[in-house]
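Trainee: Mind having a look at this structure? Questions to follow.
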Amino acid sequence: MTEQTAVTEQPVSKVILPDAQTVTSVKHWNDRLFSFRVTRPASLRFRSGEFVMIGLLGDPHPETGKQKPLLRAYSIASPAWDEELEFYSIKVQDGPLTSKLQHIQPGDQIILRPKPVGTLVHDALLPGKRLWLFATGTGIAPFASLIREPQTYEDYDQIILTHTTREVSELQYGKELVESVRTDELLSELMGEGFADKLVYYPTTTREESPKMGRITDLLKDGTVFKDLGIEGLSPETDRGMVCGSLPFNKDIMEILEGAGLREGANSEPAEFVVEKAFVG
Ligand code: A2P
């Protein structure tokens, strides 16, 4: 379908959009963060960790009344086996898309272009023993998918999810997610009881008091993380990394990983770590 076929003046929620999917649930985590689930196109196959373009119709053109799709890249936060799709988003009050998207309700429609892509996938990493998932803010979304993916537990002895946010309330989505993985009966049935012992959750905050304060980059550099987790350090033989946050964060983590001898990989050339920026944030 072309963009033109989406032209209409009906309210967004009632329009039959191109590539439309229906919102099934919405959860607001604080005044800046929300997650939502939508129906999954029957034909959509993706690898846990990938992203798709999603959005809504933009405002009508002042003269023609035409509405063009307003799309942004969003990591799929649900695993590949889930029958619905989950997304985790920031709310930017003057953001063209998220100022509207934050108001979606169950039953509303969103646009979802079913072309998943991305580098935060198992295929882009060489085999290893320990998988580090480094996230800031909404950068936890692709890892929400990967820690619910059985292959993650098949491929690694230990999975360490680090999540750094400014405030404690921004950790809640990840905290509940990790709890849900630890008690997930389906995963437990598939992977065997105790699979979740492999998953280590390491949340930190930078601007509000919490049990572990500081940027993960600083806590890696001064050795705090390794001391806390009883790990010697990072090694290209055993450690693999996936990184998802702001550009400066990604750059700083890359320096640390490269400093330890790990190399950046890609789908076409797997290596020891992969990086993607958290798109809307
Ligand atoms: P800080 O509060 O010290 O800036 P943001 O909301 O700006 O995207 O940041 C999300 C979290 O990521 C914050 O806790 C922030 O810490 C942290 N952060 C931002 N930039 C970096 C960086 N270059 N290295 C490590 N952590 C960072």
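Trainee: Please work out which residue is nearest to Ser145 (Cα to Cα), limiting yourself to segment 198-247 and to residues that are of a type in the set (Val, Ile, Thr) and within 13 Å of the ligand (Cβ to nearest atom).
Mentor: Val243
Trainee: Provide a single number: the residues in segment 36-46 that are under 15 Å from the mean Cα position of the chain (by Cα) and either closer than 12 Å to Asp108 by Cα or surrounded by fewer than 21 Cβ atoms within 10 Å (Cβ to Cβ) (or both).
Mentor: The qualifying residues number 2.
Trainee: Moving to a separate point now. If you go through segment 125-167, how many residues are of a type in the set (Gly, Ala, Ser), within 17 Å of the chain's Cα centre (by Cα) and more than 10 Å from the ligand (Cβ to nearest atom)?
Mentor: 3
Trainee: Sticking with this structure for a sec: For the subset of segment 132-156 comprising residues that are of a type in the set (A, V, I, L, M, F, W, C) and out of contact with any His (no Cβ under 9 Å at 6 or more places or on another chain), which member is nearest to Glu170 (Cα to Cα)?
Mentor: Ranking the candidates gives Ala141 first.
Trainee: Are any residues in segment 74-113 surrounded by 14 or more Cβ atoms within 10 Å (Cβ to Cβ) and either among the polar types (S, T, N, Q) or assigned by TED's automatic domain parsing to the domain that holds Pro150 (or both), and if so, which ones?
Mentor: Ser75, Ser78, Ser89, Thr98, Gln102, Gln109 - these are the residues of segment 74-113 that are surrounded by 14 or more Cβ atoms within 10 Å (Cβ to Cβ) and either among the polar types (S, T, N, Q) or assigned by TED's automatic domain parsing to the domain that holds Pro150 (or both).
Trainee: Please pick out the residue among Ser89, Ser78, Ser99 that is of a type in the set (Ser, Thr, Tyr) and part of a loop (DSSP other than H, G, I, E, B).
Mentor: Of Ser89, Ser78, Ser99, the one residue that is of a type in the set (Ser, Thr, Tyr) and part of a loop (DSSP other than H, G, I, E, B) is Ser78.
Trainee: Find all pairs meeting these conditions: Cβ atoms under 9 angstrom apart; at least six residues apart or on different chains; first residue within segment 201-222 and assigned to a strand (DSSP E or B); second residue more than 7 Å from the ligand (Cβ to nearest atom) and among the polar types (S, T, N, Q).
Mentor: Partner pairs satisfying both residue conditions: Tyr201/Thr162; Tyr202/Thr162; Pro203/Thr162; Pro203/Ser210; Thr204/Thr162; Thr204/Ser210; Met213/Thr204.
The values are calculated or read from the model by the stated rules, or taken from the named source; none is laboratory data. Please read these numbers as outputs of a predicted model, since none were measured by experiment. Note: ideal-geometry Cβ built from the backbone for every residue, glycine included; neighbour counts use all protein chains shown.
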